[in-house]
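The values are calculated or read from the model by the stated rules, or taken from the named source; none is laboratory data. Please read these numbers as outputs of a predicted model, since none were measured by experiment. Don't worry about glycine lacking a Cβ; one is built from the backbone with ideal geometry, like all the others, and counts go over all protein chains shown.
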Amino acid sequence: MAKTRSPICVVVGHVDHGKSSLLDYIRGTTIVETEAGRITQAIGASIVPMDTIKRLCGGRLSALKMAFTIPGLLFIDTPGHAAFASLRKRGGNIADIAIVVVDINEGFKPQTIESIEILKTYKTPFVVAANKIDLIPSWKTKTESIIDDINGQDPKTLGTVETRLYELVARLSELGFQAERFDRVEDYTKQVGIIPLSAITGEGVPELLMVIAGLAQRFLEQGLRVDAQGCAKGTLLEVKEEKGLGKTVDVIIYDGTIKVNDTIVIGSIDKPIITKVRALFEPAPLAEMRDRRTKYQAVKEASAATGVKISAPELDRAMAGMPLRACAKEDAATLTQEIMKEIEEVVIETDKEGVVIKADTLGSLEALSLLLRQKNIPIKRTGIGPISKKDIADAEANIETEPLYAVVLGFNVKSDIEAPKIKVFSNNVIYRLLDDYEVWMNETIKRKEAAQLDALVRPCKMRIMPGYVFRQSNPAICGVEIVAGKVKAGTTLLNVQGQDITTIKAMQKERENVSVAQEGEQIAMSLDRVTIGRNLHEGDILLADVTEPEFRKLKDLKKFLTDREIDVLKELAAIKRKENQTWGI
């Protein structure tokens, strides 16, 4: 028997732009307060019945002049990164429609664009929720519709709203989408609707629900028809240990019906899990599956689209993001093959060399992998679960070939293993994990380049100080002022004509031997092969002699040189090119 299921609506966008807060307003819950770093890190689901939508929208739905047959909306709240890409069904994404939440005051951020690109890949229709309109300077919160609220602002505030909305329109245009404020959209099949709103005051939220429900009813209804009595298809959201039940799985059912005592097949990294449903639990409407306080009600069956908790034996190997199928026991072998093919579609490719990554779930692992790929960071090995000795050993193998990859990145996993030779990064917020690694990587590169610089002759310019000649020759000893750069003992010095005139034998500062002299210092310098007063005179300028290969390397490392050192390098090049026009080029 065919029926219309609830559309699955995924909520995506940049971190801190208000995805969870928006759903909190709709649900009247405070799940956002429980998140690590107040950023959603597990994927949760909320069922919002049509009655609730009608109540929140008031008379706005009747203005659409359509009969609603959808039973409600099933919202999936995702992390700010692209983890929702792992919520797949065969041939596409589990979402029917999406809300891209963007801070109207900050505009599009990298994760906003990333989310839109993935929606574009899956051809998932979406609207833009332009959140935090209440934070626009001088905004006055009112109680009318969002359009009346906007029009009721003072001219300056109204101008700011219009400017920021059209900035969003322009960015969407760059990404290949025509867009307009929702009330100005002429054709939703060709234009993306932008709904200004505030997840704090609730302004614009009724209009958002109206647009989502209207689009789902008008354009998605045929695709929402499911066989109510067919075997269930779903995706695992989370694996949990529940008191009195043991291991359970939270699942989004997007097709068919699952019943107590059904045989279920669940995807796994090695071989699928085949087990039997012992008990089913549905959250109350508007509840959040991730919230530990959520009350569940035991049910005999659950039909798409819904979120359901399943209690069954042998769930120890179950992982979030994996596909689930319910079936008669005799069909288990066929479904096992189908599920293995589906998993092969999302297998994470690895490279011959690269970092080692570990995560708590398949979805998190995919998200971490995706973000690393976007940054062109290769991945040598992936895995789910705690960081192991094998992970450490694999990372250590990179020390000689590429020390920057001698790291293990762990998302939401633990490690008690000592790893003195490599770096282990662990965090329960993915973007912070990547930030920590990138900071370390950049610092390591700088140290490596700085070490290369220290091995070269640095640009240096110095002056023989008048009145400070202590010995004329064998070796000559005189006072020298370092005008620019730095110089080491043993460096060959040139005069301004480019002639090799002497070598620094030794240097003293305040009667102490020193190996390096810095810009601004005045030191006693011992110079061989010269006689002061004959081929070297008081007040003469000398330059450190830089070879042509060293000159080229210094040019590559010039970001570590001071402006005065760069000037000295240019002066030296000009002197050298009087004899060889292509010197250093």
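Data overview
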| read-out | value |
| --- | --- |
| Matching option when the condition is modelled with pLDDT of 85 or more and either within 23 Å of G244 (Cα to Cα) or of a type outside the set (A, V, I, L, M, F, W, C) (or both), among S303, S364 | S303 |
| E330, sole failed condition from (1) modelled with pLDDT of 80 or more; (2) more than 27 Å from the chain's Cα centre (by Cα); (3) of a type in the set (D, E) | (1) |
| Filter result for the condition that a residue is at pLDDT below 90 and either outside the structural domain of T248 (by TED's automatic domain parsing) or not hydroxyl-bearing (S, T, Y) (or both), over G410, G354, G383 | G383 |
| When residues of region 112-162 are limited to those that are of a type in the set (V, I, T) and free of Cβ contacts under 8 Å to residues at least 12 places away in the same chain, the one surrounded by the fewest Cβ atoms within 10 Å (Cβ to Cβ) | T143 |
| Elements of type strands (runs of 3 or more DSSP E) contained in region 233-287, each with 3 or more residues being among the β-branched types (V, I, T) and either within 17 Å of Q297 (Cα to Cα) or touching a helix residue (DSSP H, G or I) at 6+ places or on another chain (Cβ under 6 Å) (or both) | 246-255 |
| Among (1) in a strand (DSSP E or B); (2) within 30 Å of L572 (Cβ to Cβ), the one test that G410 misses | (2) |
| Residues being crowded, with 24+ Cβ neighbours inside 10 Å and either farther than 17 Å from T112 by Cα or in contact with a Lys or Arg (Cβ under 6 Å, 6 or more places away or on another chain) (or both) - total across region 6-17 | 5 |
| Selection within region 527-543 - touching a Cys at 6+ places or on another chain (Cβ under 9 Å) and either surrounded by fewer than 18 Cβ atoms within 10 Å (Cβ to Cβ) or more than 15 Å from V483 (Cβ to Cβ) (or both) | L527, I532, L536, E538 |
| Any hit, region 151-162, residues being aliphatic (A, V, I, L, M) and outside any loop (DSSP other than H, G, I, E, B) | yes |
| Boolean, L208 is closer than 30 Å to K132 by Cβ, of a type outside the set (G, A, S) and surrounded by fewer than 22 Cβ atoms within 10 Å (Cβ to Cβ) | no |
| Exclusive hit being among the small types (G, A, S), over 45 Å from the mean Cα position of the chain (by Cα) and over 24 Å from A455 (Cβ atoms), set S473, S515, S526 | S473 |
| Of residues in region 5-16 being modelled with pLDDT of 85 or more and farther than 13 Å from T306 by Cβ, the one nearest to the chain's Cα centre (by Cα) | V12 |
| Unique match (being hydroxyl-bearing (S, T, Y), surrounded by fewer than 18 Cβ atoms within 10 Å (Cβ to Cβ) and at pLDDT below 85) among T69, T29, T40, T34 | T34 |
